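The values are calculated or read from the model by the stated rules, or taken from the named source; none is laboratory data. Predicted model only: the values in this text are computed from it and were never measured. All Cβ positions, even for glycine, are placed from backbone atoms using ideal geometry, and neighbour counts span all protein chains on display.
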Amino acid sequence: MKEEKSLGLWGDAWRRLRKNPAAMVGLVIVVAMVLIALFAPLISPHDPNHQYMDKGLSAMGGPVGPSMFFPLGTDQNGRDLLSRMIWGARISLMLGVVINTLNALFGIFLGITSGYFGKWIDTFIMRMTDIVLAFPFLLLMIALLAVLSPGMQSIIIAFVLVGWAQYARLVRGQVLAVKELEYVQAARALGASTPRIIFQHILPNVIAPIIALFALGISWTIMGEATVSFLGLGIQQPTASWGTMIETGATWISSAPWLVIYPGLLLLITVLGFNLFGDGLRDALDPHLRN
């Protein structure tokens with residue numbers, strides 16, 4: 001059998017990713033959600049916070065009757081459910097990207113510092129990491145948000161205080177393996193400075209698993225934000241958020257189940273998409289699976 005030509009790390013990763021049907025389904029979902037979030041002002045049929053007071057709790061086939069004006073119905077305040085779901089995607093993805101970018105920056109810095117310098121620095125950083133990871137994620141999030149005032153800024157602060165540890169642990173393990181390789185030892189013997197060794201020889205070789213963790217981290221962040229918002233500790237009304245929509249809709253679930261079903265399904269599909277894509281990306285970037 002003819003062997004496939006090596007295309008380098010990223011080329012080979014993309015080739016393996018395309019052969020993974022689940023990962024490609026996840027990629028389609030991720031791209032669709034990103035486009036929805038980016039173009040929310042253009043595709044949203046209504047202002048997500050505008051209240052049509054005479055159209056409260058209308059649904060397709062509901063008491064007010066089906067209407068193309070409200071394809072998925074309205075909530076108890078007469079706000080278009082579809083518009084709020086679209087803008088909720090923007091909130092969720094924005095928080096996912098911002099929070100995981102900050103987590104990655106802190107985690108990479110601490111992980112490289114810990115793995116490269118070792119000794120008491122490694123011990124101190126890893127013990128701090130162990131303390132953070134010892135607590136259940138949601139329990140620690142709820143405790144932090146109970147101290148902070150609810151809102152988007154508090155969510156970012158709380159998630160970053162908790163989320164950096166996974167990146168730090170991953171990066172530290174990768175650095176411990178890479179820094180003992182021959183080309184790193186050769187660069188050190190030739191007198192290369194520590195920043196040059198880190199940025200030119202170590203960081204490029206540990207970035208692949210970080211990217212996979214970043215994709216998976218967005219799904220965890222989206223689910224975590226929805227959970228704390230459902231509990232009233234996250235995004236506050238009238239800002240459109242899937243968690244707050246499900247929380248307010250739970251009161252009307254017997255008479256207006258669409259208030260919970262539609263945003264819940266969108267949340268499920270989005271998290272599933274990022275999980276499928278993240279798992280596929282992690283497998284595609286695994287050097288042990290390269291042909």
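Quick notes on this structure:
- Flag for Gly65 being at pLDDT below 85, over 25 Å from the mean Cα position of the chain (by Cα) and surrounded by 16 or more Cβ atoms within 10 Å (Cβ to Cβ): no
- Selection status of Thr251, over 30 Å from Leu281 (Cα atoms), touching a Phe, Trp or Tyr at 6+ places or on another chain (Cβ under 9 Å) and either hydroxyl-bearing (Ser, Thr, Tyr) or in contact (Cβ under 8 Å) with a residue 60 or more places away in the chain (or both): no
- Where Leu176 falls short, out of the listed (1) part of a helix (DSSP H, G or I); (2) touching a Leu at 6+ places or on another chain (Cβ under 9 Å); (3) not acidic (Asp, Glu): (2)
- Residue within the range 266-282 that is surrounded by fewer than 18 Cβ atoms within 10 Å (Cβ to Cβ), more than 21 Å from the chain's Cα centre (by Cα) and closer than 24 Å to Asn20 by Cα present: no
- Only residues that are of a type outside the set (A, V, I, L, M, F, W, C) and part of a loop (DSSP other than H, G, I, E, B) were counted across the range 241-275, and they come to 5.
- Scanning the range 107-143 for residues that are among the aromatic types (Phe, Trp, Tyr) and farther than 14 Å from Ala158 by Cβ returns Phe109, Tyr116, Phe117, Trp120, Phe124.
- Top-ranked residue of the range 229-250 - restricted to ones that are crowded, with 24+ Cβ neighbours inside 10 Å and hydrophobic (A, V, I, L, M, F, W, C), ranked as farthest from Ile155 (Cα to Cα): Met245
- Taking the criterion of being assigned to a loop (DSSP other than H, G, I, E, B) and aliphatic (A, V, I, L, M), the residues of the range 179-198 that qualify are Leu181, Leu190, Ala192.
- Residue ID - modelled with the lowest pLDDT, chosen from residues in the range 18-52 that are farther than 22 Å from Val97 by Cα and in a helix (DSSP H, G or I): Arg18
- Test: residue in the range 96-110 that is within 15 Å of Val171 (Cα to Cα) and touching a Lys or Arg at 6+ places or on another chain (Cβ under 7 Å): no
- Residue count, the range 179-207 (criterion: surrounded by 19 or more Cβ atoms within 10 Å (Cβ to Cβ) and closer than 30 Å to Leu276 by Cα): 2
- The range 68-120, subset more than 17 Å from the chain's Cα centre (by Cα), of a type in the set (Lys, Arg) and in a helix (DSSP H, G or I), residue surrounded by the most Cβ atoms within 10 Å (Cβ to Cβ): Arg84
- Tally, over the range 213-240, of residues that are touching an Asp or Glu at 6+ places or on another chain (Cβ under 8 Å) and in a helix (DSSP H, G or I): 3
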